[in-house]
Every structure is written in C-alpha cells, then in structure tokens.
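K.L.:
Would you mind keeping the following structure in view while I ask a few things?
Read-outs: derived from the displayed coordinates by stated rules, not from any lab. What you are looking at is a predicted structure, and each value in this text was computed from that prediction instead of being measured. FYI the Cβ positions are ideal-geometry reconstructions off the backbone, even for glycines, and counts take in every protein chain you see.
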Amino acid sequence: MRIDLHTHSRASDGTDTPAELVRQAARAGLDVVAITDHDTAAGWAEAAEAADEVGIQLVRGMEISTRHGRLGVHLLAYGPDPTFPPLAAELERVLHGREARVPTMVARLRALGIDITEDDVRRAAPGAAASGRPHVADALVTLGAVPDRTAAFDRYLGWGRPAHVDRYAVPLATAIAAVTGAGGVSVVAHPWGRGGLGRPDEATFAELRDLGLSGIEVDHQDHGAAARDRLRAIARNLGLVVTGSSDYHGEGKTDHDLGCNTTDPDELERLLELTSSRAAGTA
Ligand code: AMP
Ligand code: ZN
Ligand code: FE
Ligand code: FE
C-alpha cells in the first residue's frame, strides 16, 4: 500500500487540475492520495470523480493557513465537513485575505519597475479559490522578471522582501477546534520546515494534542534525517499519528514528486478511525 497524504491541485497553487492530480497519483503507483489544497475543498468533487474512474482511494483534505504565537503553522485537516459554519467562516477569511492583498503586492512590484497587473496574476491562477503569492510568482515568471517561483520568493515575495504583504491566518487553536467540530482530524504539516519564525518543541506539541491535534507530518522533504528521527520520537511519546507525504504541487515545486514520502497503512487507519468516530458523533 502506497499512501500520499498531502498534494495540491489548481484549486490552490498546484499546476494539475484535481482530475489530473488523481490520474498522476494512480500512474505514480499510489493506492491512496489525499487532495489538500490550501484553505479550500474546491477540488474535492472533481478529484472524487476521477478517483472512482481510475480506482484509487481519495482522502478529502485541506491545508489550513494558521498561526500560533509567532509561528506560522500549516494544518492538514482530513475529512472535515467544509460547510460546517465555524470552519467555512475561517476558510473564507483566509481566502479573502489572500485575494485582497494582490493589489498591494502588484503596486509594490510596479514601484520596483516591473510591468505586472492584477490581470496577470488572475490569469496565472485558473481554477484557484484565491490568488496567492505562488500565482504572483508565476505571473513574474511569465513576464520574464524571474526564472522560477523560488527566485520570485527569494527576491520579492518572501518574508522581509519588498513585495511581501501579510494576510490573515487562523489562530491554530481555533483551526483545530473548527476541524474537530466539522468531524475531521488535524495533522501539523512539515512542522520543522521552512517558514514560520521558529519550531514547535515537544511541550508545544503536547499542548496542541490537548487541543485536539491528532498527528505530525514527519516524512516531508523539508525535514532532514535527524529532524525526522526527533519528530518520530515526539509523536511516539505523545501518542500522535505519524504521516509522510510529498506536498506535490505539479510543476509548481521541484523535488516533491508524488509518493516521494509515504504514510504507513497502520497510521492512516488510525487517522481514518478518528474521522469516522467523529462523523458518527461518538468522539
Ligand atoms: P500565500 O498563502 O499566498 O502567502 O502563499 C504561501 C504559499 O506559497 C505556501 O503555502 C507555499 O506553497 C508557497 N511558498 C512559500 N514560500 C515559497 C518559496 N520560497 N518558494 C516557492 N513557494 C513558496
Ligand atoms: Zn502550496
Ligand atoms: Fe505547507
Ligand atoms: Fe502543502
């Protein structure tokens, strides 16, 4: 069983449509794939249809943009009802915040002498629930201002760079509670990866577990061997589920091929059991 629990489609900042993503996952030899676009379930229906066609198991997920004190934390949510009002309201706030800062980013880039427009950004985001920094980066690539997404973040869009504009992120405790209330389970994505202004330690993970966190994404390209060993030990100490995934973005991210990291079937079973017990209202 090959299981990949973290992938992005064009519903956020991946480059495959949800159907293409699922077909690629089947071609890559995966048995289970989760679609986890940033802050949206917009790709689920199309992905589910494709999953039926190619005979692969689809896990419906999303990656929620949260903050915890000074830490920027990405929270993977599996199986939540995206229409559950407290969750839907928070997702809407993030998507609106992401979209609303595009004019400011464009104005800053124009002040730097780059002839970019809001339309260029929207054209780079076909099918996306909101235009984010990766789409601004893609527009900059199309205009020939930078060679690739990474260079766009390094020069203009990353933290502390001249066109960086902050946006709303859900307080982490609020996000975990909303996911639990919506019948889903929460897993912290790449907790020791890039981004954020620090790393949650074991005491922080313990606090998060007490708030309802179910797992840690341990096997991720942003984590070296030592980080993986340490995170696996923390998960074991705290009784948290361990996941592994590619964080595939199609052409949008190199070195994140489907299935490059995978999740143990027993760990997926633990996660799905938690989801179904919540959906049944028994936990
Ligand atoms: P946003 O939520 O619009 O601020 O965009 C954040 C997203 O941009 C992240 O979730 C990543 O997928 C992507 N991203 C962040 N930093 C980089 C980077 N240095 N290179 C490429 N993509 C990045
Ligand atoms: Zn992304
Ligand atoms: Fe992430
Ligand atoms: Fe991701």
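K.L.:
Over the chain, what is the percentage of antiparallel beta bridges among all DSSP beta bridges, to the nearest 5?
P.N.:
Rounded to the nearest five, the antiparallel share is 40 percent.
K.L.:
Next up: Could you tell me the extents of the range 182-283's C-alpha atoms along the three principal axes, largest first, rounded to whole Å?
P.N.:
41, 30, 23
K.L.:
Jot down the per residue volume, in cubic angstrom and as a whole number, of the convex hull over the alpha-carbon atoms of the range 108-160.
P.N.:
Details: hull volume 4.1 nm³, N = 53.
Considering the Cα atoms of the range 108-160, their hull volume per residue is 78 Å³.
K.L.:
Provide, in order from the shortest bin, the percent of all Cα-Cα pairs of the chain in each 5 Å bin, continuing until the bin that contains the maximum pair distance.
P.N.:
Pairs per bin, as whole percents: 1, 6, 12, 17, 19, 18, 14, 8, 4, 1, 0, 0.
K.L.:
Next question, about the same structure. Using a 10 Å cut-off around each Cβ, can you sort R110, R23 from fewest to most neighbouring Cβ atoms? Present the calculation step by step, with values, prior to reporting the outcome.
P.N.:
Values: R110 13, R23 18.
In increasing order of surrounding Cβ atoms, one gets R110, R23.
K.L.:
If you wrap a convex hull around the C-alpha atoms of the range 1-135 and split its volume per residue, what is the figure in Å³?
P.N.:
Each residue corresponds to 123 Å³ of Cα convex hull volume.
K.L.:
Take the alpha-carbon centre of the range 83-102, take the same for the range 204-237, and report the distance between them in whole Å.
P.N.:
Value for the Cα centre distance between the two parts: 27 Å.
K.L.:
Along the charge dipole of the chain, Cβ charges K/R +1 and D/E -1, which of G61, A88, L274 sits furthest on the positive end?
P.N.:
Looking along the dipole axis, the top candidate is A88.
K.L.:
Sticking with this structure for a sec: Considering the Cα positions of the range 107-247, please state its Rg to one decimal place and its Dmax as a whole number of Å.
P.N.:
So, for the range 107-247, Rg and Dmax equal 18.4, 53 Å respectively.
K.L.:
Let me ask something else. Give the whole-number value, in cubic angstrom per residue, of the convex hull volume spanned by the C-alpha atoms of the range 166-237.
P.N.:
Here the figure is 102 Å³ per residue.
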